[in-house]
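The next block holds one structure in the form of structure tokens; read it before the comments.
The values are calculated or read from the model by the stated rules, or taken from the named source; none is laboratory data. Given the structure is predicted, the values throughout are model-derived calculations rather than measurements. Methodologically, a virtual Cβ is constructed for each residue, glycine included, from the backbone with ideal geometry; neighbour enumeration extends over all protein chains shown.
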Ligand SMILES: Nc1ncnc2c1ncn2[C@@H]1O[C@H](COP(=O)(O)OP(=O)(O)OP(=O)(O)O)[C@@H](O)[C@H]1O
Ligand SMILES: [Mg+2]
């Protein structure tokens, strides 16, 4: 399904942050990034760098309790965290579909794997896994759409 993949291994939070910032700088309206990985994998840290790359200047915090935060950078940025949601109907209640499908903004969704059928298409899937060393992370990106600014920035290097 998401037939194109690209993997990056980082060895420090700063490396993940720098990659995320570079990709955020390239992101275009309609970009949807689904972030999955264990607690503390680096989903929020990645989002913070990505938002900075998009020109967001204020603090970007984890929406674990808020469920959704919005920022204004070069484009509007909507950041979801689905961790605390239990039922798919709750997505409707928080306005998930309305915001996630807004093609004028950039959307990041932490714990997207909780509701795989609810995600906008196309999207970029980012699975973050811990490596052997404490600060090692494997960032595996997947997409169905190679022709996006984000994917080009990711793979050109
Ligand atoms: N290479 C790395 N890349 C990203 N984060 C790293 C790396 N090495 C260590 N870390 C640390 O891992 C933690 C990642 O925390 P973060 O809040 O981003 O995780 P999360 O995936 O959002 O977790 P949650 O599921 O609780 O929301 C930070 O403390 C960060 O400093
Ligand atoms: Mg988080």
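Scanning region 35-60 for residues that are closer than 17 Å to residue 124 by Cα, outside any helix (DSSP H, G or I) and within 13 Å of ligand 2 (Cβ to nearest atom) yields 35, 36, 37, 42. Tell me whether region 65-74 contains one or more residues that are assigned to a loop (DSSP other than H, G, I, E, B), under 15 Å from residue 24 (Cα atoms) and more than 13 Å from ligand 2 (Cβ to nearest atom). Yes, there is a match, as at least one residue in region 65-74 is assigned to a loop (DSSP other than H, G, I, E, B), under 15 Å from residue 24 (Cα atoms) and more than 13 Å from ligand 2 (Cβ to nearest atom). Against the test of being modelled with pLDDT under 95 and within 19 Å of residue 38 (Cα to Cα), the options 137, 84 yield a single qualifying residue, 84.
For region 21-44, the set of residues classified as out of contact with any strand residue (DSSP E or B) (no Cβ under 9 Å at 6 or more places or on another chain) and more than 9 Å from ligand 1 (Cβ to nearest atom) consists of 21, 22, 25, 26, listed by residue number.
Pairs meeting the criteria (first residue in region 36-47 and closer than 12 Å to residue 16 by Cβ, second residue more than 8 Å from ligand 2 (Cβ to nearest atom) and part of a helix (DSSP H, G or I), beta carbons under 7 Å, at least 6 apart or on different chains) are 42/16; 45/13; 45/16; 45/17; 46/16; 46/20. Here is a check on your reading of the model: is residue 46 in contact with a helix residue (DSSP H, G or I) (Cβ under 6 Å, 6 or more places away or on another chain) and on the phi < 0 side of the Ramachandran plot? Yes.
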